[in-house]
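Asks: Below is a structure I'd like to ask you about.
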Amino acid sequence: MQTLGSNASSFNHADGRKGTVWPDAALPGVRTNFARRGLRVSDATDELSHRYVRLRHKTEALITPLGPEDVVVQSMPDASPAKWHLAHTTWFFEAFLLSIHSPGYRVFDPDYNFLFNSYYEALGPRLPRAQRGLLTRPSSIDVMAYRRYVDGHMRKLLQSAISAETEDLVRLGLAHEEQHQELLLMDVLHLFSRSPTKPTYDKEWPVDAVGRGGRFKGMSGGPFELGATAASFAFDNECPRHTTWLQPFEISDRLVTNGEWITFMAEGGYARPELWLSDGWTLVQSEAWNSPLYWVQTPDGWSQMTLRGLRTVETDAPVTHVSYYEAAAYAHWASARLPTEAEWECAARAGLLEQVEEVAWQWTQSAYSAYPGFRPAENAAGEYNGKFMVGQVVLRGGASVTPAHHSRLTYRNFYRPEQRWMFSGVRLARDLNQSGESSELTAADSDFAVDVVAGLSAREKTLPPKYFYDAAGSELFEAIGRTPEYYPTRVETALLQQFASEIATGIPEGAVLVEFGSGASEKTRVILDAAPQIAVYVPIDVSEDALAKAAAALSRDYPKLPVVPVAEDFTAAIRLPAAAQGRVKIGFFPGSTIGNFTEAEALRFLRSVRQLLGDNSVLMIGADLVKDEATLVAAYNDVEGITARFNKNLLARINRELGGDFDLDAFDHLAIWNAELTRIEMHLVSRADQIVNAAKHTFAFKAGERLHTEDSHKFTTESFADLAARAGWSVSREWISAAPQFAIFSLAPQRSDSLLSTTRRTRTMETKSIKVPGPNHPISIEPNPARVTVRVGGRIIADTRSALTLREGGYAAVQYIPQEDVDMTLLKRTDHHTYCPYKGDCAYYSIPLGGDRSVNAVWTYEAPYAAVAAIKDHVAFYPDRVDAIEEQKESKKA
Ligand code: SAH
Ligand code: AVI
């Protein structure tokens, strides 16, 4: 037994809570006869009439927060006034059930068939959809009376013996009214979003749960049974169940978040035509779309109109109210695609998906069309779904505004690709390789496979350069050394030969020579020839082939010298062989291989070598020096194309060892000078949009997209000495060649007593030159009237109205932000330092939130020179190491 007045309505909510609206009133000012009379339904005997009563009441509960004017207005042609929904759902029962299956039934008002028929041609002409907001008559009171009239007759019908056909129509009517409950909420939200006062529908309306971003889950392909069976209620468009074929795919277990969408926006998502379907791009321009529907930019960032009113966009909650065009553009940008509806249903049935029906309907890439064998019903209800099967796209799942238990895994929602007032979201999918293996790598997979998958899955694709050196790559490197353009090998060898005897004097009797990245050990010979006192040689290299060949050749040519090769990654913890124990260790790291490290890697390497070699050691390092761009660029773009082959050998190696299918001709070699970071960068550039499989994964390359394969940092004697000093070494000798300049540094371990390090620091300070800005190097600092914000990883980490704009010579203006307006807890101090003769010593921070891209993204002058004293206690951000640095001009308040 159940009292109607205590019947709560429930909706799906991501946090598992149910939204509750108590149906103790209906239209404002309208009598609700059931509630007033406290009518009980104890006489309703079967499940269907209980459901009918509960559901009808729930619809009325939804309008309790609305005022009399709210229920009449139509905010756009796609939306309907709440009053119209109340009447139309009632008309559905009258037209499809009572008028046909209830003998002697007289319609409530003959005009209502014209006013409240939505789209059923078989039931006569109707009011044009866009005119529903003109219905000030019938009044709300009339509409509620209509509901009561039809409810009374429906109760009688449901208490009589009804046929299976009638029962099916009742269930259809109930499902129909549930759809309109959702539509009513969508339409109210749209209406309120258009109101300047941004009203709240329900301040207790649950918010979507926040959480982690999605992880891709793999599914093998094969036959799949798609669609609903006859076992329980389903719309006709979900039937018949039939076999379809799936290719292997992977699908994200969660929906795309607002934070991820903000990154898409920051990376020009709404401004890059190449991401968009043609019709979508036309809309972006004509409608000036720059964010999801209902997002508004406020001084505090993005806010979003919701049923709770205007609220700050929650970065970890799923994005909602996006069109198919936006979803497809996002997927393109994210190197993914939208799932097909069969993939979605298959993964959902396998239990792989979260956020299935509690947040937002999920766009699929499937056009809404008939399943094989689909037949619409013969009667007027045949118009329910089938006639819309063109020009629309299927969405799967369910939304926070969908009545609980309304949706199911076979449910096919559908909207036009430009619509976005419904609660629509995005779930990504990707193709899997043809073998359909799980994309999860296991312990059995090599480090190479793990690094390739990680590097090619990154937003900016990259691979560690150590993988260049398989047998073929090592030989290609040797060949590069013989090209006229690649001067480092030639020049360093000549320098070694020139100063061999000097170098040899620093090597004591019985020492062990430990070489890092020894390759063919050609340069080693110069040292060995000049220093026969070397008792043992330990070459260390990842390239087993190069190492074995070199060891064999040296043993042949230096028969008295024990050669003990170590085939390992020299960045890992290395143990020297027993033959090296008890001997003075001479480290040798030629070739400027140190330049292939990032600064952090170089420091880590130098510190670990300091440990490995011990206090009495010497470390000789060959390092290429900064020089004119033409010489540098030519060295990595030899005319014969050997460096290009070396670069592409990385792809060939992936093909050989990881089952890859890279087409080497579909990539171009690119080597460029990055003056700001003083390094040559090598990339492979995709010539076209292409899909590549490797290491059980599928990777999408866009035309022009780069795979970053190597950095070769170039040094100055100062920058190198500084690097060495920060890792516990001091430069005791340096030999520098004539142009093209290359250096060999002999390093000694810094003594650990503080006196020496203080001395060194003092010396460094003394040798720094100080310059004063002037006409040749002007610097200006001005307060910035704009509000400046800095975003990283979707979060605002700096927000100020007191930024200082520093302009220096021809450089881009830099915003210096007071530290008090920066969330300094999100920054991590690094040991990177630079020096500017005009501004002083510069210290750096990384932003862990931004990952690798945000290493040393922030700098500060802690004790700036007098000319720029104003920037003390301020920090600045590299624009390309954060999501965005935004300036908003403050509008003058009236
Ligand atoms: N020292 C030689 C070869 C330089 S080429 C010369 O100066 O001509 C770089 C060498 O370093 C290659 O032989 C490569 O296999 C090796 N190498 C690169 N990264 C490595 C790593 N992480 N661990 C061990 N060896 C590495
Ligand atoms: C081994 N390393 C220092 C070489 C360099 O110059 O960075 C590798 C190389 N890359 C292209 N050409 C040579």
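Asks: Among all the lysines, which ones have a C-alpha under 20 Å from K648's C-alpha, if same-chain residues fewer than 8 places away are not counted?
Replies: Here the lysines satisfying the reach criterion relative to K648 are K461, K466, K702.
Asks: Taking the Cα atoms only, what angle lies between the long axis of helix 47-62 and the longest principal axis of the chain, rounded to 10 degrees?
Replies: Result, in degrees: 70.
Asks: Follow-up. Quick one: net charge around L127, please, counting Lys, Arg +1 and Asp, Glu -1 for every other residue with C-beta under 15 Å from its C-beta. Display every interim value, and only then the final one.
Replies: On the way: positive: K83, R126, R129, R132, R137; negative: D109, D111, E121.
Cβ neighbours under 15 Å give a net charge of +2.
Asks: Taking Cα centroids, how far is the range 272-342 from the range 620-662 in Å?
Replies: Their Cα centres are 40 Å away from one another.
Asks: With a 1.4 Å probe and all protein chains kept in place, how much accessible area does I162 have, in Å² rounded to the nearest 10?
Replies: That residue has around 50 Å² of solvent-accessible surface.
Asks: Probe 1.4 Å, all protein chains in place: accessible area of V170 in Å², nearest 10?
Replies: 0 Å²
Asks: Right, here's the next one. With a 1.4 Å probe and all protein chains in place, put S303, S286 in order of accessible area, largest first.
Replies: Working: S303 15, S286 85 Å².
Of S303, S286, the descending order of accessible area is S286, S303.
Asks: Another one. Counting alpha carbon pairs within less than 8 Å and at least 6 residues apart, what relative contact order, in whole percent, applies to the range 381-421?
Replies: 44 percent
Asks: Given only helices, namely DSSP H runs of n ≥ 4 each adding -39500 (n - 2.57), what is the per-residue ellipticity at 222 nm of the chain, to the nearest 500 deg cm²/dmol?
Replies: -8500 deg cm²/dmol
Asks: What is the helix-to-structure angle for 164-194, meaning the angle in degrees between its Cα long axis and the longest Cα principal axis of the chain, kept from 0 to 90 and rounded to the nearest 10?
Replies: On a 0 to 90 degree scale, this one is about 60.
Asks: Moving to a separate point now. Could you compute how much accessible surface E734 exposes when probed at 1.4 Å, giving the result in Å² to the nearest 10?
Replies: 80 Å²
Asks: Here's a follow-up. Please compute the net charge surrounding A429, taking Lys and Arg as +1 and Asp and Glu as -1 over other residues with Cβ under 14 Å from its Cβ.
Replies: Values: positive: R215, K217, R254, R337, R396, R427, R430; negative: E250, D253, E341, E343, E345, D431.
Spelling it out: positives minus negatives among the neighbours equals +1.
Asks: Still on this model: Please give the net charge around M682, taking every other residue with its beta carbon less than 11 angstrom from that of M682, where Lys and Arg add +1 and Asp and Glu add -1.
Replies: Values: positive: K648, R679, R706; negative: E681, E710, D711.
Result for the neighbourhood of M682: 0.
Asks: Any idea what the dipole of the chain comes to, in debye rounded to 20, about its Cα centre with Lys/Arg Cβ at +1 and Asp/Glu Cβ at -1? Write down the numbers at each step before the final one.
Replies: Values: 92 positive and 111 negative charges, 406 e Å.
It comes to approximately 1960 debye.
Asks: Another question about this same structure. Straight-line reach only, C-alpha to C-alpha below 18 angstrom: list the aspartates and glutamates that K696 could link to, leaving out same-chain residues fewer than 8 apart.
Replies: In chain and number order, the partners are E250, D431, E437, E440, D445, D447, D451, E657, D661, D663.
Asks: Assign unit charges at the C-beta atoms only (+1 for Lys and Arg, -1 for Asp and Glu), then state the dipole size of the range 516-611 relative to its Cα centre in Debye, rounded to the nearest 20. Could you put the intermediate results ahead of the total?
Replies: Working: 11 positive and 10 negative charges, 88 e Å.
For the range 516-611, the charge dipole is close to 420 debye.
Asks: Magnitude of the Cβ-charge dipole of the range 176-222, K/R +1 and D/E -1, about the Cα centre, nearest 20 debye?
Replies: Value, rounded to 20: 480 debye.
Asks: Which order do you get for D624, D821 if you rank them by accessible area with a 1.4 Å probe, largest at the top?
Replies: Output order, biggest surface exposure first: D821, D624.
Asks: Just need the relative contact order of the range 512-565 here, percent rounded to a whole number, with Cα pairs under 8 Å and 6+ apart. All intermediate terms of the calculation are to be shown ahead of the outcome.
Replies: Values: 73 pairs, mean separation 21.8, N = 54.
Averaging sequence separation for qualifying contacts and normalising by length gives 40 percent for the range 512-565.
Asks: Continuing with this model, one more query. Put +1 on the Cβ of each Lys and Arg and -1 on the Cβ of each Asp and Glu in the chain; which of S323, N856, V359 then has its Cα farthest toward the positive end of the dipole?
Replies: V359
Asks: Another question, then. Considering the dipole of the chain built from charges on the beta carbon (Lys and Arg +1, Asp and Glu -1) around the Cα centre, which of L191, Q297, A738 is farthest to its positive end?
Replies: Positive-most Cα among the choices belongs to L191.
Asks: Ignoring ligands, DNA and RNA, what accessible area per residue does the chain give at 1.4 Å, in Å²?
Replies: 43 Å²
Asks: For the chain, with all protein chains present and a 1.4 Å probe, just round the carbon and sulfur fraction of the accessible area to a whole percent.
Replies: 52 percent
Asks: Relative contact order for the range 42-123: what is it in percent, counting Cα pairs under 8 Å that are at least 6 residues apart?
Replies: Contact order relative to length: 18 percent.
Asks: Taking the Cα centroid of the range 197-233 and of the range 673-718, what is the distance between the two, rounded to the nearest whole Å?
Replies: Going from one Cα centre to the other spans 37 Å.
Asks: I'd like the orientation of helix 754-767 relative to the chain: the angle between its Cα long axis and the longest Cα principal axis, in ° from 0 to 90, rounded to 10.
Replies: Rounded to the nearest ten degrees, it is 90.
Asks: Right, here's the next one. Among S501, H832, L603, whose Cα lies farthest out toward the positive end of the dipole of the chain, if unit charges sit on the beta carbon of Lys, Arg (+1) and Asp, Glu (-1)?
Replies: H832
Asks: Here's a follow-up. Suppose we keep just the DSSP beta bridges with both residues in the chain; what percent of those would be antiparallel, to 5?
Replies: 85 percent
Asks: Right, something else. Starting from the residue with the highest accessible area, list L395, L353 in decreasing order, probe 1.4 Å. Show your work: numbers first, answer last.
Replies: On the way: L395 0, L353 20 Å².
These residues rank, largest area first, as L353, L395.
Asks: Let me ask another. May I ask you to list the lysines whose Cα is less than 27 Å away from that of K889, ignoring any residue fewer than eight positions away on the same chain?
Replies: K198, K872
The values are calculated or read from the model by the stated rules, or taken from the named source; none is laboratory data. Computed from a predicted structure; not experimentally measured. Every residue, glycine as well, gets a Cβ built from its backbone with ideal geometry; the counts of neighbours run over all protein chains shown. The protein model used for the area step is the full one, side chains on, heavy atoms only, and it has no ligands, DNA or RNA in it. Shrake-Rupley method; radii C 1.70, N 1.55, O 1.52, S 1.80 Å.
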